[in-house]
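Asks: Dropping a structure here in C-alpha cells format, bear with me for questions.
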Amino acid sequence: MRIRATVAAVSGALALSVLAVPAAQADDSVASRADVAKVRQAAHAASARAAGKPYALNVSFSNFKIAKTVKAGTTNHVATTVTYTLTHGADVDIAARDFVTDPIIYRGSYTAPDNMLYGNKPAKCTATNATTATCKGTIDVYPGDHELRNTDAGTWRAAAEATAFNGQDPAGETFDITKVGYKGQSGLGSTLMQRFSKLTVDASPEPVKKGKTITVTGKLSRANWDRGTYNGYVEQPVNLQFRKNGTNTYTTVKTVKTNATGNLKTTVTAAQDGYFRFTFAGTTTTPAATATGDFVDVR
C-alpha cells in the first residue's frame with residue numbers, strides 16, 4: 001500500500017523523507033507519515049519494548065464531521081473533507097512545526113485495523129482559544145493503488161490522532177520515543193465507503209409507431225476494487241421511468257431486476273414522445289445511480 005509522506009522538521013532542521021512520494025504531496029512543516037506511523041504502532045503496543053513508548057499527549061478530539069458517504073471508483077483519486085475540534089493542555093504547542101494531527105478512517109479494530117485511510121497532508125488547525133482549536137483535514141483515497149478491496153465496502157469508523165515530536169528526530173541516532181507525545185482517539189464517527197456505480201439506458205427503435213413495442217435495455221455496474229474494473233451488479237431492482245416530452249417529471253413505469261451480468265431488458269408500448277431512463281436506489285455498499293434519459297420519437 002502506498003505510504004504518503006511529508007517532510008520532517010526536527011531539531012531546527014528539515015529531514016526529508018526518503019520514501020518515494022510525489023513532491024506535490026509534501027508539506028515542509030511536519031514529520032513524515034512513516035514517522036507518525038512508528039509512533040502510533042509504539043503507542044498501540046500491548047507493553048513497552050526496549051525502545052519504549054510515547055507518553056500520553058494531553059489532547060482530546062470532538063465534533064468530528066465527515067461526509068455520510070464516500071464513493072470510490074477504480075482509478076480516480078477521491079478526497080473527502082473532515083473537520084474536528086482539538087482540545088489540548090496548556091503544555092501542548094499545536095503551533096510547533098513538528099506537531100502533527102490528522103483524521104483517520106478504519107475498518108475493524110483501531111489498534112489492529114483491517115484497513116486504514118488518512119490524508120495526504122496533516123490537518124490544519126486554527127486556535128479558537130488557548131486550549132482549543134478547530135482542525136480541517138482530508139481523507140484521501142487512491143483506488144488505483146489498491147487501497148481498497150471489495151470487502152471494504154460498507155461502514156468505516158472514524159478516529160483522530162496527534163503527535164508532538166518535541167524536537168525528537170525519528171531518523172536520528174539519539175531519537176528517544178519516550179519524549180514524543182501521542183494520542184489517538186477512535187469511535188468519533190462513521191462513514192459509508194461505497195463502490196461507485198454506473199447505469200445506462202437505450203430505448204429502441206427510434207422513431208417508433210404509436211402502439212408498437214419499445215425495448216428498453218441498460219446495465220447497472222459498479223466498481224470492482226479487487227480487479228480495478230467495473231462489473232455488473234446482479235439481481236438488483238431498478239426502476240424504469242418515463243418523462244413526457246415538454247414536461248420535467250419522471251414517473252415510474254415498472255421495476256426490473258438486473259440479470260446475472262447486471263444487464264437490464266424490458267418492453268413497453270409506445271404511446272407518446274418522451275424520455276426513458278433507469279434509476280437505482282442504491283444499497284449500503286453501492287450508491288444510487290440514474291441513467292441519462294433516452295428520447296423516443298413516437299409517430
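Asks: Where the Cα atoms of the stretch 64-131 are projected onto their three principal axes, how long is each span, largest first, in whole Å?
Replies: The Cα atoms of the stretch 64-131 stretch 44, 25, 23 Å along their principal axes.
Asks: Quick one: helix 33-44 against the long Cα principal axis of the chain, what's the angle to the nearest 10°, folded into 0 to 90?
Replies: Approximately 80 degrees, to the nearest 10.
Asks: For the stretch 267-296 and the stretch 197-251, what is the centre-to-centre distance using only Cα atoms, to the nearest Å?
Replies: A separation of 5 Å, based on Cα centres.
Asks: Using the alpha-carbon centroid of each, what span in Å lies between the stretch 87-119 and the stretch 128-194?
Replies: 3 Å
Asks: Also, quick follow-up: Nearest 0.05, what FRET efficiency do His146 and Val234 give at R0 = 22 Å with Cβ-Cβ as r? Walk me through the intermediate numbers first.
Replies: Values: r = 24 Å, r/R0 = 1.08.
The calculated FRET efficiency here is 0.40.
Asks: Another question, then. Full extension from Glu173 to Asp226: what is 0.36 nm times the residue separation minus their Cα-Cα distance, to one decimal in nm?
Replies: Result: 15.0 nm gained on full extension.
Asks: Can you show me the helix-derived [θ] at 222 nm for the chain, built from DSSP H runs with n ≥ 4 at -39,500 (n - 2.57) apiece and divided by the number of residues, rounded to the nearest 500.
Replies: Details: 1 runs with 12 residues, N = 299.
After summing the helix terms and dividing by the residues of the chain, the value is -1000 deg cm²/dmol.
Asks: Another question about this same structure. For the stretch 142-152, take each phi angle, set θ = phi - 60°, evaluate the Karplus expression 6.51 cos²θ - 1.76 cosθ + 1.60, and give the result in whole Hz per residue in order, putting x for glycine and proline.
Replies: My calculation for the stretch 142-152 gives 10, x, x, 9, 6, 6, 10, 10, 4, 5, 7 Hz in order.
Asks: Let me ask something additional. Calculate one ³J(HN,Hα) per residue across the stretch 197-204 by plugging θ = phi - 60° into the Karplus curve 6.51 cos²θ - 1.76 cosθ + 1.60, and present them in order as whole Hz with x for glycine and proline.
Replies: Whole-Hz 3J(HN,Hα) from phi for the stretch 197-204: 10, 10, 9, 10, 8, 8, 10, 8.
Asks: Using the crude model of +1 on Lys and Arg Cβ and -1 on Asp and Glu Cβ, and no other charge, please compute the dipole size for the stretch 157-292 relative to its Cα centre, in debye to 20.
Replies: Working: 17 positive and 9 negative charges, 219 e Å.
Magnitude of the dipole: close to 1060 debye.
Asks: Points 7 angstrom from Cα along the Cβ direction at Thr217 and Thr83: gap in nanometres?
Replies: Label-label distance for Thr217 and Thr83, simple model: 4.9 nm.
Asks: When N is the residue count of the stretch 137-254, what does its C-alpha Rg come to as a fraction of 2.2 N^0.38 Å? If you can, show how the numbers build up before the last one.
Replies: Working: Rg = 25.5 Å, N = 118, 2.2 N^0.38 = 13.5 Å.
Compactness ratio reported: 1.89.
Asks: Quick check: net charge around Thr290, other residues with Cβ under 13 Å of its Cβ, Lys/Arg +1 and Asp/Glu -1? Can you show the working numbers first?
Replies: Details: positive: Lys198, Arg243, Arg277; negative: Asp294.
Net local charge, Thr290 excluded: +2.
Asks: Just the number please: accessible area per residue for the stretch 158-299, 1.4 Å probe, all protein chains included, in Å². Write out the running numbers ahead of the final one.
Replies: Numbers: 6860 Å² over 142 residues.
So the stretch 158-299 comes to 48 Å² accessible per residue, rounded to a whole number.
Asks: If you don't mind, another one. Kirkwood Rh, Cα Rg: Rg to Rh for the chain? Can you show the working numbers first?
Replies: On the way: Rg = 25.6 Å, Rh = 22.1 Å.
My calculation puts Rg/Rh at 1.16.
The values are calculated or read from the model by the stated rules, or taken from the named source; none is laboratory data. These numbers were taken from a predicted model, which means no experiment stands behind them. When we count neighbours, we look across all protein chains shown, and the Cβ atoms used for this are built from the backbone with ideal geometry, even at glycine. Heads up: the accessible areas ignore ligands, DNA and RNA and are worked out on the full protein's heavy atoms, side chains in. Shrake-Rupley method; radii C 1.70, N 1.55, O 1.52, S 1.80 Å.
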